[in-house]
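Working notes, beginning with the structure itself.
The values are calculated or read from the model by the stated rules, or taken from the named source; none is laboratory data. Bear in mind that the values here come from a model prediction, so they are computed numbers and not experimental data. Note that we place each Cβ from the backbone using ideal geometry, even for glycine, and neighbour counts take in every protein chain shown. Side chains included, ligands, DNA and RNA excluded: accessible areas come from the protein's heavy atoms. Shrake-Rupley method; radii C 1.70, N 1.55, O 1.52, S 1.80 Å.
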Amino acid sequence: MSSIFSKIIAGEIPSYKIYEDDKVLAFLDINPEVKGHTLVVPKVEVDKIYDLSEEDWVALWAAVKKISAHMEEITGRRTLYKVIGTDVPHAHVHLMPYDETWEHGKTLSLTEDEFNAIREKLAM
Ligand code: AMP
């Protein structure tokens, strides 16, 4: 069975897309810990990030670098990275424009309009 992220990558379920290339898709986390909380996901479905092939690992972190620089330009904030993978068994990196209200696992409730406005600001 495909992971929820593979279904997003296949366009079977919607997401607030920020970035896409041949090997990577990035979209807003639906349970954001800060505004702009983004997931960067390799298109190949591998559970643990350290089990990615060298090529997919490099492509993932190259995308993380690009998106982080862009996010910092837009938000003026440093980017916090988090890698856990306890909920979705499809490798991904959480990127968050850091602010002092951030707390691991504490989420914000945003409206669809708010998600769309953030997506529009951060989309590359
Ligand atoms: P973890 O596997 O612990 O790194 O967490 C998985 C993350 O994926 C959580 O922060 C969820 O809020 C997020 N998530 C799960 N389903 C979706 C979805 N359909 N769209 C966006 N984010 C999601």
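Computed from backbone phi with θ = phi - 60° and the Karplus coefficients 6.51, -1.76 and 1.60, the 3J(HN,Hα) list for the stretch 41-53 is 10, x, 5, 6, 8, 10, 5, 8, 4, 7, 9, 5, 5 Hz; x is used for glycine and proline. Residues whose amide H lies under 5 Å from that of V46, counting only those 5 or more places away or on a different chain, are A91; hydrogens are built 1.01 Å from N in the peptide plane.
Ignoring ligands, DNA and RNA, what accessible area per residue does the chain give at 1.4 Å, in Å²? Value for the chain: 59 Å² per residue. What do you get for the angle between helix 112-122 and the principal long axis of the chain? Use alpha-carbon atoms, 0 to 90 degrees, nearest ten. The two axes meet at around 80 degrees.
Amide hydrogen proximity for L80: with H placed 1.01 Å from N in the peptide plane, the residues at 5 or more positions away or on another chain lying under 5 Å are M96, Y98.
Averaging the Cα positions of each part gives two centres, and for the stretch 1-27 and the stretch 89-115 these lie 17 Å apart.
Entry note, the stretch 1-101: relative contact order of 29 percent, from Cα contacts under 8 Å with a spacing of 6+ residues.
When you filter the trypsin sites (Lys or Arg not before Pro) in the stretch 78-124 for DSSP loop state and at most 13 other Cβ atoms inside 10 Å of their Cβ, you are left with R78, K106.
Report ³J(HN,Hα) in whole Hz for each residue of the stretch 99-109, in order, from the Karplus equation J = 6.51 cos²θ - 1.76 cosθ + 1.60 where θ = phi - 60°; Gly and Pro get x. Values, residue by residue: 9, 5, 7, 5, 9, 3, x, 8, 10, 9, 10 Hz. Phi angles across the stretch 12-26 convert, under the Karplus curve 6.51 cos²θ - 1.76 cosθ + 1.60 with θ = phi - 60°, into 3J(HN,Hα) values of 7, 10, x, 8, 8, 6, 10, 7, 8, 9, 4, 10, 9, 10, 10 Hz, Gly and Pro given as x. Under 5 Å between amide hydrogens, built in the peptide plane, is the criterion, and for Y16 it picks out L28 among residues at least 5 positions away or on other chains. Of all stretches in the chain that contain no GluC sites (Glu not before Pro) in a DSSP loop with at most 15 other Cβ atoms within 10 Å, the longest one is 46-99. Calculate how steeply helix 54-75 sits against the longest principal axis of the alpha-carbon atoms of the chain, using the helix alpha-carbon long axis, and give the answer as 0 to 90 degrees to the nearest 10. With rounding to tens, the tilt is 10 degrees. Per-residue ellipticity at 222 nm from helix content only, as computed over the chain with -39500 (n - 2.57) for each DSSP H run of at least four residues, stands at -10000 deg cm²/dmol.
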